[in-house]
Amino acid sequence: MYLPLIASIFLIIAIVCFLNLTPQQISQDITSALSKKPNLRDRAKALRAKKKKNGIGAKLEYLQSALASCGKEGKFAFVCSSALVLFAVGAVVAVLINNVFLIPALSVAFSMIPFVYVRNILTLYEKQTKEELETTLSIITTSYSRDNNIVKAVEENLPYIKPPLKECFAAFVGDALAVSSSMKQALYNLKHKVDDEIFREWCDTLIQCQDNQEMKDTLQPVVSKLTDVRIVNSELNTMMSAVRTEYYTMVGLVVGNIPLLYVLNKDWFHTLIFETPGKIVLGICGIVIVVTYFFMLKFTKPVEYKQ
């Protein structure tokens, strides 16, 4: 029973040693393999549509940039390497239980464990960042409305801003005072430091305020959009939690029926576990669970503001 497992482990070790694989190389190879290099037509279409890239490659790029913004860029290579190892582990488990039809489901499910874990951490981090962004923009807007000086408004509130936003605004102050020749350029540089549509709209409004100070009255309504999005997400969180709980309950019932079938009818259990038709049914159920899990994540994610 343990011979295939031992052989698989030694085979994986031999492949890693022979190819001289490292976590950094694995992450680069995975990203380059899944990321499609856009041609001129694709880039022009994306600019006209103003849409984010989709696909697995885009998700990996987002994960890598998100970890970099958290100061944990090195973790991305470890996540990719762990996913690759767990992918092989899933295939080995399917072979050990003598059901090759479960290889796709178990391999994908095992390999997604590191990504799901990191995604949950980043979701919590993004939630805290958006809450801090709401507070930061509110106090800066209040100070700017009083003095009509955005650099002074940021400087006097800088001690009260928490990371990672504090580094962004500190860089803006240094850029505005010592680097950029114009305030508009400094605000434009600040605009791309935070990946948030409302923050970018706030920066665009500030850029317009440099030519027309009357536009400063529109800053507070822009900041209020962050509050609206937070309130909507809070109201939807209970509904989405109920949907996720219902999904996990259904998955538990599907998986739990397998040992229950042993108690109810051993012949059916034997057919399901040891016969080819039963193995095919288990493989299909595994694929359905994995696919529906991705759809569940897609349709229960928090609401985002889009222009």
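The values are calculated or read from the model by the stated rules, or taken from the named source; none is laboratory data. Everything numeric here is computed off the predicted structure, so don't read it as measured data. When we count neighbours, we look across all protein chains shown, and the Cβ atoms used for this are built from the backbone with ideal geometry, even at glycine.
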Residues (out of contact with any Lys or Arg (no Cβ under 9 Å at 6 or more places or on another chain) and either free of Cβ contacts under 8 Å to residues at least 40 places away in the same chain or not assigned by TED's automatic domain parsing to the domain that holds Q220 (or both)) located in the stretch 143-158: R146, D147, N149, V151, K152, V154, E155, E156, N157
Could you list, in sequence order, all residues of the stretch 209-227 that are loosely packed, with under 13 Cβ neighbours inside 10 Å and part of a helix (DSSP H, G or I)? Q213, E214, D217, P221, T227
What do you reckon, is D204 over 30 Å from F295 (Cβ atoms) and of a type outside the set (A, V, I, L, M, F, W, C)? yes
Of all residues in the stretch 120-134 being touching a Leu at 6+ places or on another chain (Cβ under 9 Å) and surrounded by 15 or more Cβ atoms within 10 Å (Cβ to Cβ), the one that is modelled with the lowest pLDDT: L122
Taking the condition surrounded by fewer than 16 Cβ atoms within 10 Å (Cβ to Cβ), free of Cβ contacts under 8 Å to residues at least 24 places away in the same chain and assigned by TED's automatic domain parsing to the domain that holds I139, does T205 pass? no
Based on this model, can you work out whether V154 counts as closer than 26 Å to P302 by Cα and out of contact with any Asp or Glu (no Cβ under 9 Å at 6 or more places or on another chain)? no
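Quick grid of which residues meet (1) over 18 Å from I97 (Cα atoms); (2) in a loop (DSSP other than H, G, I, E, B); (3) charged (D, E, K, R); (4) in contact with a Leu (Cβ under 7 Å, 6 or more places away or on another chain):
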residue	(1), (2), (3), (4)
L260	yes, no, no, no
W268	no, no, no, yes
L272	no, no, no, yes
P277	no, no, no, no
L282	no, no, no, yes
